[in-house]
Amino acid sequence: PQKTSFHRSQTLGYRNGFAFARLPTVAVGGERLYVNQLSQAELEDLANRRPMLTYGQAKQAPPPAFVPAHVAFDKKILKFDAYFQEDVPLSQAEPYRIHQVGIYYYLEDDSMTVIEPVVQNSGLQQGKLLKRHRVPKNDQGEHYHWKDLNRGMNITMYGRTYRIVNCDPFTQVFLESQGIELNPPEEMAFDPYTEMQRMPVHKYITPSDFDQQKQFLTYDKQVLCFYATWDDTGSMFGENRPYVIHYYLADGTLEVREVHKPNDGRDPFPVLIKRQRLPKTFVDNKNTFPRCVLEISDQEVLEWYTAKDFAVGKSTTLLGRTFFIYDCDEFTRNFYRDKFGITDFQPVEIKKQPPEEIPQVIPPYNGFGTLEDSLQNCFSLCPKPPRKDVIKMLENDHEVLRYQVALESPNPEDRKRRFILSYSLSDDMISIYEPPVRNSGIIGGKYLRKTRLAKPGSTTENATYYEPSDLTIGATIEVFGRRFVVTGADEHVLNYMESKAERFPAASLQSLREHFRPRQVDKEPA
């Protein structure tokens, strides 16, 4: 009832023409407002925050970033050495077999793998025995964890029990850092059969007095060199081939090497007999020894080849081949001179026999193609066309001698047939053409294509062909069983033969002149 003013305080004001807001100082009813005063609790809080008021609120460190397991444990592997025992039921030499393996545990995904080191020529399937995955621990869906692994314990995976005997230093440090107490390491078990094979076999043979080590140290890198030949001329395509025989003094082995020459036509195989000990004399009761199957030992050989079995001028049989030694090098001469007292090292001169000349027999002509063309098949595998006389072809190009011939036949109809025989001077070929005659009943045209005609009685070895000198008036020509008689010729034949009268006999030229004399008389003016 004592309050008389109930209006709200003015909160809007103006200064320099600008409006601004201000906090009310009097409440409704005229009661004083303490809006700018702080409580005791707030004052105490401010008293404790003087550095914050001066320097501002302190920045807090960001929380650590999340690192996944596959990054934190990347390439961190626990390695345990273990072994397992495998039964061998059908063997008297080994009742069981020991396999040494390595168990690898990958911390990034809790997977495991089992790897057995590969042993060469063991005949066993080794390598990765268990691929990398999470190995189940029991039937309840649990898997093996690194807390389940320790030294001196058995672990069963898929029915196979592994005995863990040791681990690597990283695995030991990691497990100890995680609070796991490790068992003391155990010794790795070894396979009894493998250890038995490593033991040297006891031999009941009295050792020889011959010191092989002394021989090796004395004659190391000392080789006797002999030059020999192998005469293989008795076989088909055989020859006398040179070889080099090397005898190694260090171990009594020898080898035979081939000698290749440029363009000898042989593959470059350097060694004929590889370096080995070669037997000279076998034991009598070992004639049926299967040498192609088993290796030859000292029990089957009575004597081996040595340095005293080789000499210049003598033959030596090595593996069924007889080599004749005709010379040696200077070191070999000095060795035989000092060791055996041999001074005769006269080299033997090897005379090469000239190859036997095989006459070339030309088979008879088979009738296919021309004689010259078929003969080229006897000279080379890829026959070439026979050579032609180019000079003759250029000098007598388009030079053709034409004759008129008549067919000599018992048939009266064939006697009246007339033919034109053309002789080409460029290639000595003859062609026969029959002019067509109306109402004769005979079709004219080409009777014989251009070919070389052989004279009767000529053979394929010594073939003789018709020439222009044989084509005289009244001469008879035999063409593949048919006989033609020369009855005439054109004037070009007479002019050609007169221009080259030295090439033709006088009788041939005279017969043509007598044939053309009546024509010349008719042409003369009366």
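Values for this structure:
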| quantity | calculated |
| --- | --- |
| Count of the stretch 221-245 residues which are open to solvent by 70 Å² or more (accessible area, probe 1.4 Å) and at negative phi | 7 |
| Number of the condition not met by residue 300 [criteria: (1) under 23 Å from residue 257 (Cα atoms); (2) of a type in the set (Asp, Glu); (3) touching a Phe, Trp or Tyr at 6+ places or on another chain (Cβ under 8 Å)] | (1) |
| Some residue of the stretch 392-414 being open to solvent by 40 Å² or more (accessible area, probe 1.4 Å), part of a helix (DSSP H, G or I) and either over 24 Å from residue 497 (Cβ atoms) or in contact with a Gly (Cβ under 8 Å, 6 or more places away or on another chain) (or both) | yes |
| Identity of the residue in the stretch 301-324, in a strand (DSSP E or B) and touching a Lys or Arg at 6+ places or on another chain (Cβ under 6 Å), that ends up farthest from residue 251 (Cα to Cα) | 303 |
| Filtered residue count, the stretch 260-285, keeping only those that are among the hydrophobic types (A, V, I, L, M, F, W, C), at pLDDT 90 or above and either surrounded by fewer than 10 Cβ atoms within 10 Å (Cβ to Cβ) or part of a loop (DSSP other than H, G, I, E, B) (or both) | 1 |
| Exclusive hit being at pLDDT 85 or above and of a type in the set (A, V, I, L, M), set 188, 199 | 188 |
| From 440, 426, 431, 422, residue being in contact with a His (Cβ under 9 Å, 6 or more places away or on another chain), without any contact (Cβ under 8 Å) to a residue 40 or more places away in the chain and either under 18 Å from residue 479 (Cα atoms) or in a loop (DSSP other than H, G, I, E, B) (or both) | 426 |
| Criterion: more than 29 Å from residue 220 (Cα to Cα), open to solvent by 80 Å² or more (accessible area, probe 1.4 Å) and among the polar types (S, T, N, Q) - qualifying residue of 353, 299 | 353 |
| Pick from the stretch 478-495, criterion more than 12 Å from residue 404 (Cβ to Cβ) and open to solvent by less than 20 Å² (accessible area, probe 1.4 Å), ranking: farthest from the chain's Cα centre (by Cα) | 494 |
| Qualifying residue in the stretch 34-42 (condition: within 30 Å of residue 2 (Cβ to Cβ) and at pLDDT 80 or above) | no |
| Those strands (runs of 3 or more DSSP E) lying entirely in the stretch 37-153 with at least 2 residues within 51 Å of the chain's Cα centre (by Cα), over 22 Å from residue 170 (Cβ atoms) and not assigned by the TED database to the domain that holds residue 170 | none |
| Filter pass, residue 404 being touching a residue at least 40 places away in the same chain (Cβ under 8 Å) and farther than 30 Å from residue 228 by Cα | yes |
| Every residue from the stretch 434-455 that is within 20 Å of residue 414 (Cβ to Cβ) and open to solvent by 50 Å² or more (accessible area, probe 1.4 Å) | 436, 437, 438, 439, 440, 441, 442, 443, 446, 447 |
| Those residues of the stretch 369-401 which are free of Cβ contacts under 8 Å to residues at least 12 places away in the same chain and of a type in the set (Val, Ile, Thr), in sequence order | 390, 391 |
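The values are calculated or read from the model by the stated rules, or taken from the named source; none is laboratory data. Predicted, not measured: the structure shown is a model, and the values here were computed from it. Ideal geometry is used to build each Cβ from the backbone, glycine not excepted, and the neighbour counts take in all protein chains shown. Accessible surface is based on the protein model in full, side chains and every heavy atom, while ligands, DNA and RNA are left aside. Shrake-Rupley method; radii C 1.70, N 1.55, O 1.52, S 1.80 Å.
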